[in-house]
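A.B. asks: Have a look at this one before I ask anything.
The values are calculated or read from the model by the stated rules, or taken from the named source; none is laboratory data. The structure presented is a predicted model; accordingly, all values stated were derived computationally and were not measured. Note that we place each Cβ from the backbone using ideal geometry, even for glycine, and neighbour counts take in every protein chain shown. With ligands, DNA and RNA removed, areas are computed over all heavy atoms of the protein, side chains included. Shrake-Rupley method; radii C 1.70, N 1.55, O 1.52, S 1.80 Å.
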Amino acid sequence: LDGMWHLVGVDTLDGGHLDLSSQTKFWMFQANLMQLSNTNRGELIICRFNQSGDSLTVSEPRVNDRNVGDTLITNPAELSPYGINALRETFFIEKLQTDKMILRTERLTLNFKKF
């Protein structure tokens, strides 16, 4: 799981597909911290994460801004461009290989490529 993952696509349960391969949205994992990044917008969000078996829980999202103290995010809509729809969300790890990861919730399937 450690490293940088490019969010390349999001699928919905009703068959919809959003191709994000040309966008610069990344999930990065190290130790127990995860960073969400949109390099085109200069956006950085820090979250805690916990991987247990085939589950990945993301929680405590904060805007990464050292000047104002990493403000806690209270509106889940700020996370939705990254496929996260709650302030604490658990994903089923459908696939985790050296170059590909697929995460699933009750609503979405997120597809990643290792960067």
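A.B. asks: Could you tell me how many of the residues in segment 54-111 are free of Cβ contacts under 8 Å to residues at least 12 places away in the same chain and of a type in the set (Lys, Arg)?
C.D. replies: Residues flagged as free of Cβ contacts under 8 Å to residues at least 12 places away in the same chain and of a type in the set (Lys, Arg) within segment 54-111 amount to 2.
A.B. asks: What's the total number of residues in segment 39-58 that are of a type in the set (D, E, K, R) and open to solvent by less than 70 Å² (accessible area, probe 1.4 Å)?
C.D. replies: So the answer is 1.
A.B. asks: A further question follows. Restrict the check to segment 30-38 and report whether at least one residue is in contact (Cβ under 8 Å) with a residue 24 or more places away in the chain, closer than 22 Å to GLU94 by Cβ and open to solvent by less than 30 Å² (accessible area, probe 1.4 Å).
C.D. replies: Yes, because at least one residue in segment 30-38 is in contact (Cβ under 8 Å) with a residue 24 or more places away in the chain, closer than 22 Å to GLU94 by Cβ and open to solvent by less than 30 Å² (accessible area, probe 1.4 Å).
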